[in-house]
């Protein structure tokens, strides 16, 4: 995986759907684990958040791997735990519990300091995930080259809200 950023232009109607994408590679070559967690973490800190949701339009275990890597680096960087929450297999009860926990625990320190990184199931595949997606402050999308289709990526942006999307990571398919 390489760190990527999505810079998009709204379409002519101004609806904010994804337009032209500019992809930017991280550094010269890829680190051994495929993406530069350190660079990604610091880019994510350019905007305040306490709960980051990592989501892919496709069901993939790479979502949890990326979320864990970010939480581990964040714990080292911040010197306090950044908790990873596995929300890949949700039912109504679990989704409500995660949303409640994030809203109550991060509520007092909202946007002050990273506290949670959630690996979220695709809300396209599992609409129950929408409750958790909307509970987060920021959304990082995981796209898989040759797998993710742009209409699904646009749907995630529409559900999450364009203002909460902080970027995307493009993974080899």
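The share of alpha-carbon pairs in region 94-173 lying farther apart than 15 Å comes to 58%. With the convex hull constructed from alpha-carbon coordinates only, region 38-173 shows a mean projected area of 7.2 nm² over all directions.
Readers should treat all values here as calculations from the given coordinates under stated rules, not as data from a laboratory. Note that this is a predicted model, so its numbers are computed, not measured.
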